[in-house]
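Here's the structure, in structure tokens; my notes come after.
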Amino acid sequence: MIASLSILPVQALNPPSASDTRAPAMSWADDGDSESEQPQVTVVTSFAPTQRLPPLDARTQKRLQTLLSPSHLNALLKAAQHDRGALPDLVSWLVNLCTVWPTRKDKILSTLLLYGGGGLVCEIYRVYVRNSPLGKDENMSSLMDSSLYLLR
């Protein structure tokens, strides 16, 4: 599931905005004789064609909304508490979900923060930060070790 989210471009799950819909191209016959109109110029960062995903149908959009509901996220977090090995994968999946759906990032992260009265944040600190070199008063050069950045 994490791999499927990581291949999606940023903002892939956002609904299409009005600026994304392109107006039909005008032909030379549609051009008026008016000399007062100025040409429109748009600044682009790249001339490469933008990747357009197919529009999502209403059923898929409804399922995606269910995915982000606090009750659904709480159920996933509760299930991850019973299987401790699932918690890093769930958090990684939620971070990827925040990347491809940034307009819903606040909803996802606030549910994570509020779960168990902040207990999840305490657990992440206790299990992953306090036992790492970041949580210890040791040599700070060990923080630059590349093995720390690999996901489990």
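To the nearest 10 Å², what's Cys122's accessible area with a 1.4 Å probe?
80
Quickly rank 71-81, 125-135 as a protection proxy: mean count of other C-beta atoms within 10 Å, highest first.
71-81, 125-135
By average Cβ neighbour count within 10 Å, what is the ranking of 85-93, 4-12 from highest down?
Those peptides, ordered most packed to least, come out 85-93, 4-12.
The values are calculated or read from the model by the stated rules, or taken from the named source; none is laboratory data. Small disclaimer: the values here were computed from a predicted structure and weren't measured. For neighbour counting, all protein chains shown are included, and Cβ atoms are generated from backbone atoms with ideal geometry for every residue, glycine included. Accessible surface is based on the protein model in full, side chains and every heavy atom, while ligands, DNA and RNA are left aside. Shrake-Rupley method; radii C 1.70, N 1.55, O 1.52, S 1.80 Å.
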